[in-house]
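Below: one structure, written as structure tokens.
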Amino acid sequence: MLLNFFSGLPTTLTLITLLPLGRHILRSIMGESRAIERKLSRPEAFNHHYDFIVVGAGSAGSVVAARLSEVEGWRVLLIEAGGPPPPDTYVPGLVSLNYFRGNINWQYVTVPQKHGLKSLRNRQAVIPHARVVGGGSTTNGMVYVRGNRRDYDHWAALGNPGWDYASVLHYFKKAEDYKGPTTPYTAIFHGKGGPLGVTPEPKTGKLARAFLKAGTQLGYDIVDPNGAQQMGFASPEYNTCGGLRCSTVWGYLRPASSRPNLHILHSATALKILFNKHKRATGVVYRYRQQVLVARAQREVILSTGALASPKLLMLSGVGAAQHLKDHQVKVVADVTGVGQNLQDHVAVYGLAWTVSRSTLSMDDTFSFPAVSQYVHHRKGPWTAPLGEYASAWVKVGKEGDPHYPNIQLYLSPAAFSIDMGLFLPYIYNFDQQRFLEYARPLFGRAGFTINLYLLRPKSRGGVFLRSRHPLDLPVIDPNYLSHPDDVRDLVDGVKLVMALGNTTALRKQFKAHFHDTVLPGCEGLAVGSTKYWTCFVRHMATTFWHPGGTCKMGPDSDPLAVVDPRLRVRGVRGLRVVDASIMPVMVSGNTNAPIIMIAEKASDLIKEDWHHY
């Protein structure tokens with residue numbers, strides 16, 4: 001217990017001492033950061049009457065606000081609870097700082113999970129959703145993945161016309177400025193000249209090449225996961241451009257901010273959506289500089305605060321399950337049962353680590369003066385991407401379902417599970433400090449790598465609920481992780497495939513890779529490698545991969561849990577849409593940032609069509 005009490009101390013000290021100092025130094029170096037801060041300053045001509053109010057300047061909201069402001073006669077207000085991106089967020093090589101709990105994020109914590117998370121403190125997961133302009137696109141790992149074409153065809157089959165893969169591909173391409181090589185066969189899947197830079201990994205190192213080769217030894221192809229076929233192994237593509245993170249702030253808001261009809265108000269927290277007697281959304285109540293203010297919307301309010309905050313704000317505003325609202329003394333505007341339901345999240349299994357010969361893995365050049373100087377002066381070198389060697393794979397485990405539809409994603413991380421000697425990781429992920437150290441201590445000081453895996457389309461469903469009627473209280477989040485037995489089965493099968501991958505000659509021969517086979521605390525007495533052991537391992541070490549979605553589900557009138565229709569209009573009211581990951585009926589097969597931007601691009605066109613400006 002004493003260890004757990006002090007587990008957050010290194011992170012806390014870093015956040016209050018080293019990080020502010022580092023940002024002060026970086027601000028003098030990163031002119032791009034200073035320029036964005038100026039562009040995001042409060043407009044002098046700020047008023048309280050607009051055509052559209054977009055709540056949330058994350059991956060989706062920034063796109064919608066920028067696109068709507070393309071119509072010269074429309075006045076658009078973008079409200080964001082967080083502040084401008086700090087200078088370190090622009091440097092791809094510093095991406096790990098964004099994972100620190102309490103650093104420009106909401107520090108959401110789930111309720112204790114009765115079906116898993118046994119190695120986590122109180123069996124609770126931490127979900128550090130971004131609280132900053134640009135949202136997840138400002139803080140995520142920058143990995144660009146669209147998901148599988150079958151994801152979107154499934155959405156359409158569920159009663160959502162216009163969301164099939166052939167239709168949404170246009171919006172992926174519209175957003176994209178692809179920096180990699182193409183062939184006549186692959187070019188049809190990629191866009192050029194869009195706001196969002198997509199850059200292939202600049203240099204594939206020895207470890208990543210061995211990982212890819214190991215995949216071929218198991219019978220998989222090397223693929224472009226955003227092209228014709230997702231199944232297989234791939235080098236990563238990142239949202240970077242010119243050596244910088246290409247967030248929606250950089251790609252969309254930076255050029256749009258000069259338009260006089262777009263006002264951006266950061267550090268302003270939305271408290272409630274207002275409705276008139278006809279149940280039409282008429283504005284937003286928000287808190288700014290200790291004042292409670294109201295902004296009015298003549299046409300629409302667009303809610304883009306994410307899969308955890310959007311249902312909360314809807315419920316606070318009177319849109320949700322009537323009985324739940326009454327329990328919290330919230331006046332019911334519309335009884336929409338599905339608000340907050342259908343919560344899904346990619347579940348990751350951590351702790352599968354291998355040790356290697358120290359001579360084979362070295363990052364000394366990365367931290368050399370020439371490497372740092374190269375980035376500072378020319379925005380080139382290793383700091384233009386996440387530091388280390390990464391690669392991904394999409395694989396199918398189990399015999400059920402489409403054999404060409406992957407259900408597991410693998411992710412190569414270029415360090416053993418204990419790279420920080422237990423100083424930060426336990427607190428960031430909420431691992432029980434004592435259990436973590438007991439398992440990981442034999443890895444301290446040893447070179448290695450980790451292969452994480454996560455479940456792409458979990459069957460477990462949870463929900464988001466009001467904690468109280470007070471807007472500043474965080475919601476109650478219950479993902480109900482691992483409640484469906486198929487999720488556990490698929491993760492166990494995924495672990496077995498990872499073990500086969502680590503046992504290939506590509507990794508064993510060149511790197512002398514050896515699996516860290518210390519028995520996980522809590523799984524003693526079970527044979528390491530057996531199905532029972534891996535089941536125990538999953539129940540202990542599986543937790544969120546920080547990709548929640550589905551809580552304002554898109555669907556037809558016949559779907560009792562549908563919150564928005566296929567044009568993303570909220571049911572039971574008028575003048576209100578939701579545009580973010582919460583509208584996904586079923587999770588996509590990969591990282592969520594690119595699909596969220598696609599959703600926002602498509603939503604912008606839907607809004608223009610509905611108001612006869614497209």
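The values are calculated or read from the model by the stated rules, or taken from the named source; none is laboratory data. The model shown is predicted, which means the values in this text are computed figures rather than measured ones. Cβ placement follows ideal geometry from the backbone for every residue including glycine, while neighbour counts extend to all protein chains displayed.
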Are there any strands (runs of 3 or more DSSP E) wholly within region 256-298 with 1 or more residues that are free of Cβ contacts under 8 Å to residues at least 40 places away in the same chain and over 29 Å from the mean Cα position of the chain (by Cα), and if so which?
none
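Yes/no per residue for (1) surrounded by fewer than 23 Cβ atoms within 10 Å (Cβ to Cβ); (2) in contact with a Gly (Cβ under 7 Å, 6 or more places away or on another chain):
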{"residue": "V488", "(1), (2)": "yes, no"}
{"residue": "L497", "(1), (2)": "yes, no"}
{"residue": "A500", "(1), (2)": "yes, no"}
{"residue": "T505", "(1), (2)": "yes, no"}
{"residue": "Q510", "(1), (2)": "yes, no"}
{"residue": "V519", "(1), (2)": "yes, no"}
{"residue": "H540", "(1), (2)": "no, yes"}
{"residue": "C552", "(1), (2)": "no, no"}
Which one is nearest to the chain's Cα centre (by Cα), of the residues in region 55-85 that are of a type in the set (D, E) and surrounded by fewer than 24 Cβ atoms within 10 Å (Cβ to Cβ)?
E70
Any helices (runs of 4 or more DSSP H) falling wholly within region 127-209 and containing at least 2 residues that are modelled with pLDDT of 95 or more and more than 30 Å from V55 (Cβ to Cβ):
149-157
Here is a list: S483, S468. Which entry is over 25 Å from the mean Cα position of the chain (by Cα), within 29 Å of L561 (Cβ to Cβ) and touching a residue at least 60 places away in the same chain (Cβ under 8 Å)?
S468
Hey, does region 144-156 have a residue that's touching a strand residue (DSSP E or B) at 6+ places or on another chain (Cβ under 6 Å) and on the phi < 0 side of the Ramachandran plot?
yes
Residue check, G251 against (1) surrounded by fewer than 24 Cβ atoms within 10 Å (Cβ to Cβ); (2) touching a Leu at 6+ places or on another chain (Cβ under 8 Å); (3) of a type outside the set (V, I, T), all met but one. Which one?
(1)
Looking only at region 325-354, filter to residues that are touching a helix residue (DSSP H, G or I) at 6+ places or on another chain (Cβ under 7 Å) and not hydrophobic (A, V, I, L, M, F, W, C); which one of those is farthest from L520 (Cα to Cα)?
D335
Those residues of region 370-397 that are touching a Gly at 6+ places or on another chain (Cβ under 9 Å), over 17 Å from E237 (Cα atoms) and touching a residue at least 24 places away in the same chain (Cβ under 8 Å) come to a total of 5
Scanning region 210-225 for residues that are on the phi < 0 side of the Ramachandran plot and over 26 Å from the mean Cα position of the chain (by Cα), the one surrounded by the fewest Cβ atoms within 10 Å (Cβ to Cβ) turns out to be D221
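Based on what the data block shows, is V586 part of a loop (DSSP other than H, G, I, E, B) and at negative phi?
Judged against the criteria, V586 is a match.
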Pairs needed: first member in region 442-457, assigned to a loop (DSSP other than H, G, I, E, B); second member anywhere, small (G, A, S); C-beta distance under 6 Å; at least 6 residues apart or different chains.
F444/S418; L456/S589
Residue by residue through region 306-342, note down the ones that are outside any helix (DSSP H, G or I), under 26 Å from K459 (Cβ atoms) and more than 23 Å from the chain's Cα centre (by Cα).
G320, A321, V336, T337
Hey, V563 out of contact with any strand residue (DSSP E or B) (no Cβ under 6 Å at 6 or more places or on another chain) and within 22 Å of K312 (Cα to Cα) or not
yes
Pull up region 272-329, narrow it to residues that are out of contact with any Ser or Thr (no Cβ under 9 Å at 6 or more places or on another chain) and of a type in the set (D, E, K, R), then point me to the one that is surrounded by the fewest Cβ atoms within 10 Å (Cβ to Cβ).
K277
Of the residues in region 158-208, those that are in contact with an Asp or Glu (Cβ under 8 Å, 6 or more places away or on another chain) and small (G, A, S) number 9
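When you scan region 341-359, do you find a residue that is surrounded by fewer than 17 Cβ atoms within 10 Å (Cβ to Cβ) and in contact (Cβ under 8 Å) with a residue 60 or more places away in the chain, even just one?
So far as region 341-359 goes, yes, one or more of its residues are surrounded by fewer than 17 Cβ atoms within 10 Å (Cβ to Cβ) and in contact (Cβ under 8 Å) with a residue 60 or more places away in the chain.
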